[in-house]
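Worksheet for the structure shown next.
The values are calculated or read from the model by the stated rules, or taken from the named source; none is laboratory data. Being a predicted model, the structure only gives us computed values, none of them experimental. Cβ atoms come from the backbone with ideal geometry, glycine included; neighbour counts cover every protein chain shown. In case anyone asks, the SASA skips ligands and DNA or RNA and just uses the protein heavy atoms, side chains included. Shrake-Rupley method; radii C 1.70, N 1.55, O 1.52, S 1.80 Å.
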Amino acid sequence: MSVFVILYYTLLLGASCLAAYYKKRSAFLLLFSLTLVSFILGIIGGVAALRIVAISAGLLGLSAMVSYAFREFLIMIAPRNMAKELRTAPLTAAFGMFVIFTVAIAGIFAPFIAPFGEAEVISSAFAPADENMLLGADQLGRDMFSRLVFGARNTVALALAGTVLAFTLGALAGLLAATSGGWFDQVIARTSDVIMSIPSLIFALLMLSIFGGELANDTTSFWLLTGFAMVTGLLVVSAVSERSVMGWVIGLAVLAGVSAVFAGAMLILFNPSEIILILVVAVIYSPRVFRLTRAVAGNVVVMDYIEAAKLRGERTWYLIRREILPNSTAPLVAEFGLEFCFVFLLIAGLSFLGLGIQPPTADWGSMVRENATLISFGDITPLIPAAAIALLTVAVNFVVDWMLYRSSGLKV
Amino acid sequence: MGDILGLVAKRLGLGLIILLVISVIIFFMVELLPGDIAQAVLGQGATPENLAALRKEMGLDQPAIIRYLNWLRGAVVFDFGNSIVTGASVADTISERFANTLFLAAYAAVIAVPVSIVLGVLVALARNSIFDRVANVATLTSISSPEFFLGYILILYFSVKWGMFPAIASLSSDMSFGELLNRTFLPALTLVLVVTAHMMRMTRAAIINLLASPYIEMARLKGTPPWKVIVKHALPNAWAPIINVVALNLAYLITGVVLVEVVFVYPGIGQALVDAVSKRDFPVVQACCLIFAATFILLNLAADVGSILTNPRLRHPK
Amino acid sequence: MTKKKDVLLKIRNLKIQGYSNESWIDIIKGVDLTLHRGEVMGLIGESGAGKSTIGAACMGYARDGTRIVDSVIEFDGMELTTATEAERRALRGSRIAYVAQSAAASFNPAHKIIDQHTEAPLQYRLKKRLEAQEDAMMLYERLRLPNPKEIGFRYPHQVSGGQLQRAMTAMAMSCRPDLIIFDEPTTALDVTTQIEVLAAIRDIVDQFNTAAIYITHDLAVVAQMADTIKVLLKGEEVEEATTREMLEHPKEDYTKSLWAVRSFESPQRHRPKDGVPLISVRNVDAAYTGGAKVLDDVSFDIYEGMTVAVVGESGSGKSTTARVITGLLPPSKGEVLFKGKPFPADYRDRTKDQLRQCQMIYQMADTALNPKVRISEIIGRPAAFYSGLKGVALKNRVDELLDLIELEPALYYNRYPPELSGGQKQRIGIARALAANPTFIVCDEVTSALDQLVAEGILRLLDRLQNEMNLAYMFITHDLATVRSIADEVVVMQHGKVIEQGPKDEMFQPPHHPYTDLLLSSVPEMDPDWLTTLLEERGIDNVGDAASARIATDDPRVSGTGA
């Protein structure tokens, strides 16, 4: 029996007894069941297992403290009505916000934070950590930490772009389908049914196998982007102009210009293979967004105030903008977070398979793949980028969970 | 009963149509390639004569619609032509791997389904307690972790550090069943972890939804003991949502299986698909995609048919 | 019948708290209640008074998200708040039973009605299964359910709402409890169906000398059912007295205001001799896509400045008629004329001016006003949309409209609908309709979601506006009191057909069409003897569904009216 084990059980049992004495029912249940589990774990796994439990508990405690402090910090700097909302946030949500905040900072200021460039070879392959390299080197001798920081920028930016595109198309189609109904609604709903009946990863692989090769060039991606923007824009134009011919002419002209500018801007920001990836993701996830938006907007559209506005002769665009959107923001924002998680995991998965973001761009998914061999030597290096992926997704999910709880108002 | 059969038939018909549309998408997407498959096979340096010969051999001189119909006819009897990389029959390469994948998915499902439904119901009954919150955080974490993260953690501990299970799931035909289960334990466990989290959350939501119905309150107010409220009043109505949860998650397994197969170098169809995509072996890609999509649709179909069949309002029409 | 006078249920200082916004808030603030054996007590109050919560508390039951704090609930000498859960459960179903508002939702869809009926007797080992089933059939027969021998072997969704409500009452009776809690058992039913259920409940409670707590918001209903009445307001008791005394001499002002029979009656207007009707519905048939015909050859006229009330039960096609007039549902046959000229069938084909002429006020002010839009914009938008007002002119117009509906402009201009009370919201809905300067307004059950007094205020307001602006109203309602107070002409609808129409004074004088007669006679009155008298006059088999089923075929006037 080491001192550690004695200390471990003393602490746990002492805390359980205190909780029981002060009638903290849930705390006692948790602590005491942990004690019971520890007995079994200690017998099976020995001291090492108990040590893992202790370390995890310590980490949990630390993150709880960070979350608590971060929430108080946010409450202090936020404007009054937002502070009131924040006060209701559980610690998990605060933790989520903290992680998102950290990743955002790392991504935005990557070149200043990272000590080395993302493709800079500075030592031998798989060199261990030293005072220069916080996390050691990867398979080509590049600094892991720097690549992790740059990865935050590349992976997240890509996922964000994909989510925004998917969301714009899906949400617009959903809002329009809910307001206008009829054949338009039917056609879009059936189309999204078809797309959704192909598993997302499989569909992504299929599309990447087609567009991943020599088609990933500037011209193709420009036209694909323009096409995507035109489809999205057509929805807006049809809602704004409705039956006016003049409206259509002007709308289409404006749309063509906007689409071209958008495609050009995207080409400056991303390289062609990344654009293909973004578009693939957008095509796969927009039906999901469509379905949810259609459902949310569908609940609003049956309200009498929409009927009143329709009978007044209001245009579809007014209905969407002034009547429906303000009443569906909360679920849509939560859905955006959820979609981001899906997109982010899909892109990470594709990169892990070597079919997503291409080297030498630093990216969390491909970093796992590149260093995977180390795992068989008991080295946790490949787990670090994988953990980063998990951490960010968990963080977003925690925040979304809180928002969903608030927006549904359910007491479940 | 006419109603219910009609509904089921309608749903089956719809599934068939969707499958047909998807086969069209899968086939004609490849047609989008600049040049054609022959060009892709032979590369940039091919002479026009060679190209023409290969085109004739692969039937590329025929119009696309004819080729699609031929391909579809083949697909129905599990004949997908030959690989353009190895030249071997696609069906031969895939069929054994498909069986392996199904085995892995079934292995995971056998563990995950009962565990997650029981846990989901328990958590739903203890809702808002500390255990519910812990379960909420734990399942959320598990859902958010990519499959390869869980997979490598399991490899690190169970295989490298503690040496309990093999990290590489290499299979051979002369293995005993126990050996097979041991070899494929880690990939199956990875899938179980992800799917259980999903299923628990969905089961919990379904049960809580159910427990809020007025007839459950009525049963309580009739003095029915709690266990009987669950068994007699909640469960008969819970079948539809539970069947839905199970089918949807089995469908989810199919996507998850690709990543897990790559992590554990498992000889399944997912691994074959990934290889084919990076080698641009289109007949294999098409075949794998069609198989995945068909399984996915089938499971969704099963979910819908299941909830139609267990709906008391439909089973006992007016 | 002699009633034993020993106390069955004694509640002292009942406090119930609800959990909302992270804290516990009092819902019930110290209510006392004493119920004797065989006594029926009516709990009455407006929505939000806490009636249902008290009902559940009588069983020692707190719904999810509520809790009972330092109260005394004594049932037959047993303290429920300190009893164990098992002890409390042993009372439920056997000695205290519950009848819920919505029978359709409260029966488990997965089991046959009779199996749910026999669950409690089997659970408490009071009867064998076959005995329990025979007893159920006997109860079904006493409650005058059709086919008492077999109706129990159907599933809940195979039985109509009124029958299901009686089956639930039978289920509550299954263990012959000492006390039954009736939680708004007839609120979801039509008037003609309600009467059967009321008669059935009253008989069976009398026969078995069961004590009951009857919860409702409808005064006339409680007057028929209860021996004593307790009035509640916002979780507190206002007063309690025997039914007759309460009806004749209410003490508190709040009770008096509830009791005040609608005093308002607008003088009846008559059609101009040779005018063109403002709205003329001509031989309209209509159906929802894929559905059966909902309207069958509907014709009536509405003249300028007059109110036409359209009366009927749910499913009679009142609201569908309104949808045809407003253009939301183009008719499959026939047409709507506006000042003698055809109105385009689809609202999308109407001009701005045509749309402006015809406005709507809705039943549920909650869903009729966008909760995320300020009052100034809700009212201002139509004014700006139709007459292009901007800036100061628009603000003046909104102020003027707020003045018209008797709300102080400065106080309401910048507020959002969820901050207003039900009556205020309904007024905003009226202002929105007026903002368009219409000549014709469809009022769809505008007062039925409101409490009595508020509703009367709305009716007075509508009448004043009608006189000032010469508006025509189409008043859709199922409430005959509303018809009496505001209508000039009445249209009675049943199963999508116009059964009878004419000026109000003629409609309230016999002879009637049999359906109109049934409808008029089924509306409960504030007289405690009304139900008894009615049943004596008409006979038990000549009310409710039985009576309405008999009408349609054998009456010559059915085919004779309509045109």
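Residue-by-condition table, conditions (1) in a helix (DSSP H, G or I); (2) closer than 25 Å to C:Val191 by Cα:
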| site | (1), (2) |
| --- | --- |
| C:Ile430 | yes, no |
| C:Ala436 | no, no |
| C:Ala449 | no, yes |
| C:Leu453 | yes, yes |
| C:Asp463 | yes, no |
| C:Tyr473 | no, yes |
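Inclusion of C:Ser266 among residues that are under 30 Å from C:Ile302 (Cβ atoms) and open to solvent by less than 70 Å² (accessible area, probe 1.4 Å) is warranted. Filter segment A:284-307 down to residues that are over 14 Å from A:Leu172 (Cα atoms) and open to solvent by 30 Å² or more (accessible area, probe 1.4 Å) and give me whichever is farthest from the other protein chains (Cβ to nearest Cβ). Per the criteria, the residue is A:Asn299.
Among the residues of segment A:313-324, which ones are open to solvent by less than 50 Å² (accessible area, probe 1.4 Å) and either under 16 Å from A:Glu242 (Cα atoms) or touching a residue at least 24 places away in the same chain (Cβ under 8 Å) (or both)? Correct list: A:Gly313, A:Glu314, A:Thr316, A:Tyr318, A:Leu319, A:Ile320, A:Ile324. Restricting the search to helices (runs of 4 or more DSSP H) fully inside segment C:167-267 and requiring at least 1 residues that are at pLDDT 85 or above and hydrophobic (A, V, I, L, M, F, W, C) gives C:191-207, C:219-225. Taken over segment B:200-231, the residue count meeting the criterion of being within 9 Å of another protein chain (Cβ to nearest Cβ) and of a type in the set (A, V, I, L, M, F, W, C) is 8.
Could you please give the count of residues in segment C:154-200 that are within 23 Å of C:Leu534 (Cβ to Cβ), out of contact with any strand residue (DSSP E or B) (no Cβ under 6 Å at 6 or more places or on another chain) and either open to solvent by 10 Å² or more (accessible area, probe 1.4 Å) or not hydrophobic (A, V, I, L, M, F, W, C) (or both)? Residues meeting the conditions: 16. Say whether the condition of being open to solvent by 40 Å² or more (accessible area, probe 1.4 Å), within 14 Å of chain C (Cβ to nearest Cβ), farther than 30 Å from C:Ala97 by Cβ and touching a residue at least 24 places away in the same chain (Cβ under 8 Å) is met by at least one residue in segment B:299-309. Yes, that holds for at least one residue.
Residues are listed down the side, and each one gets a yes or a no for (1) modelled with pLDDT under 90; (2) assigned by TED's automatic domain parsing to the domain that holds C:Thr477; (3) farther than 30 Å from C:Ala220 by Cα:
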| residue | (1), (2), (3) |
| --- | --- |
| C:Pro272 | yes, no, yes |
| C:Gly275 | yes, no, yes |
| C:Lys293 | yes, no, yes |
| C:Asp296 | yes, no, yes |
| C:Gly312 | yes, yes, no |
| C:Lys318 | yes, yes, no |
| C:Ile325 | no, yes, yes |
| C:Phe338 | yes, no, yes |
| C:Pro342 | yes, no, yes |
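Filter segment B:251-272 down to residues that are assigned to a helix (DSSP H, G or I) and either over 14 Å from the mean Cα position of the chain (by Cα) or at pLDDT below 85 (or both), then give me how many there are. Residues flagged as assigned to a helix (DSSP H, G or I) and either over 14 Å from the mean Cα position of the chain (by Cα) or at pLDDT below 85 (or both) within segment B:251-272 amount to 10. Among the conditions (1) surrounded by 15 or more Cβ atoms within 10 Å (Cβ to Cβ); (2) farther than 19 Å from B:Gly120 by Cα; (3) at pLDDT 80 or above, B:Ile208 misses just one, which is (2). Selection over segment C:389-428 of residues that are within 27 Å of the chain's Cα centre (by Cα) and not in a loop (DSSP other than H, G, I, E, B) gives a count of 10. Go through the residues of segment B:241-250 one by one and say whether even a single one is away from chain C (no Cβ under 14 Å) and either open to solvent by 50 Å² or more (accessible area, probe 1.4 Å) or farther than 27 Å from A:Leu404 by Cβ (or both). The answer is yes, given that some residue of segment B:241-250 is away from chain C (no Cβ under 14 Å) and either open to solvent by 50 Å² or more (accessible area, probe 1.4 Å) or farther than 27 Å from A:Leu404 by Cβ (or both).
For B:Phe177, the stated conditions do not hold, so it cannot be described as out of contact with any Gly (no Cβ under 9 Å at 6 or more places or on another chain), modelled with pLDDT of 85 or more and over 30 Å from C:Gly93 (Cβ atoms). Quick one: would you say C:Met507 is hydrophobic (A, V, I, L, M, F, W, C), under 20 Å from C:Ile195 (Cα atoms) and open to solvent by 10 Å² or more (accessible area, probe 1.4 Å)? Spelling it out, it is not the case that C:Met507 is hydrophobic (A, V, I, L, M, F, W, C), under 20 Å from C:Ile195 (Cα atoms) and open to solvent by 10 Å² or more (accessible area, probe 1.4 Å). Filtering C:Gln133, C:Gln101 for residues that are more than 13 Å from every other protein chain (Cβ to nearest Cβ) and either part of a helix (DSSP H, G or I) or open to solvent by 10 Å² or more (accessible area, probe 1.4 Å) (or both) leaves a single hit, C:Gln133.
Residues of segment C:294-301 include none that is aromatic (Phe, Trp, Tyr) and in a helix (DSSP H, G or I).
When segment B:12-31 is limited to residues that are farther than 15 Å from A:Met196 by Cα and either in contact with a Pro (Cβ under 9 Å, 6 or more places away or on another chain) or within 7 Å of chain A (Cβ to nearest Cβ) (or both), the one that is modelled with the lowest pLDDT turns out to be B:Val30. Across segment B:159-188, the number of residues qualifying as open to solvent by 40 Å² or more (accessible area, probe 1.4 Å) and assigned to a helix (DSSP H, G or I) comes to 9.
Just one of the numbered conditions (1) open to solvent by 20 Å² or more (accessible area, probe 1.4 Å); (2) at pLDDT below 85 is not true of B:Asp281: (1).
Residues that are in contact (Cβ under 8 Å) with a residue 60 or more places away in the chain and not in a helix (DSSP H, G or I) do not occur anywhere in segment B:285-298. With respect to the conditions (1) within 11 Å of chain A (Cβ to nearest Cβ); (2) more than 19 Å from A:Ile384 (Cα to Cα), B:Leu125 falls short on a single one, namely (1).
Every condition in (1) of a type outside the set (Asp, Glu); (2) assigned to a helix (DSSP H, G or I); (3) within 14 Å of chain B (Cβ to nearest Cβ); (4) open to solvent by 10 Å² or more (accessible area, probe 1.4 Å) holds for A:Trp183 except the one numbered (3).
The set of residues in segment B:66-106 that are more than 25 Å from B:Tyr266 (Cβ to Cβ), among the basic types (Lys, Arg) and either open to solvent by less than 70 Å² (accessible area, probe 1.4 Å) or touching a strand residue (DSSP E or B) at 6+ places or on another chain (Cβ under 6 Å) (or both) contains only B:Arg67.
Close contacts from segment B:222-244, counting a first residue that is farther than 18 Å from C:Lys112 by Cα and a second that is open to solvent by 20 Å² or more (accessible area, probe 1.4 Å) and basic (Lys, Arg), with Cβ to Cβ under 7 Å and a gap of 6+ residues or different chains, come to B:Gly223/C:Arg89; B:Pro225/C:Arg89. Assess whether A:Leu269 counts as being out of contact with any Pro (no Cβ under 6 Å at 6 or more places or on another chain), away from every other protein chain (no Cβ under 14 Å) and over 25 Å from A:Thr191 (Cβ atoms). Spelling it out, A:Leu269 is indeed out of contact with any Pro (no Cβ under 6 Å at 6 or more places or on another chain), away from every other protein chain (no Cβ under 14 Å) and over 25 Å from A:Thr191 (Cβ atoms).
Within segment A:137-146, identify whether any single residue is open to solvent by less than 40 Å² (accessible area, probe 1.4 Å), more than 14 Å from every other protein chain (Cβ to nearest Cβ) and in a helix (DSSP H, G or I), and answer yes or no. Checking segment A:137-146: at least one residue is open to solvent by less than 40 Å² (accessible area, probe 1.4 Å), more than 14 Å from every other protein chain (Cβ to nearest Cβ) and in a helix (DSSP H, G or I). When residues in segment A:325-357 are screened for being surrounded by 22 or more Cβ atoms within 10 Å (Cβ to Cβ) and within 21 Å of A:Asp304 (Cβ to Cβ), 1 of them pass.
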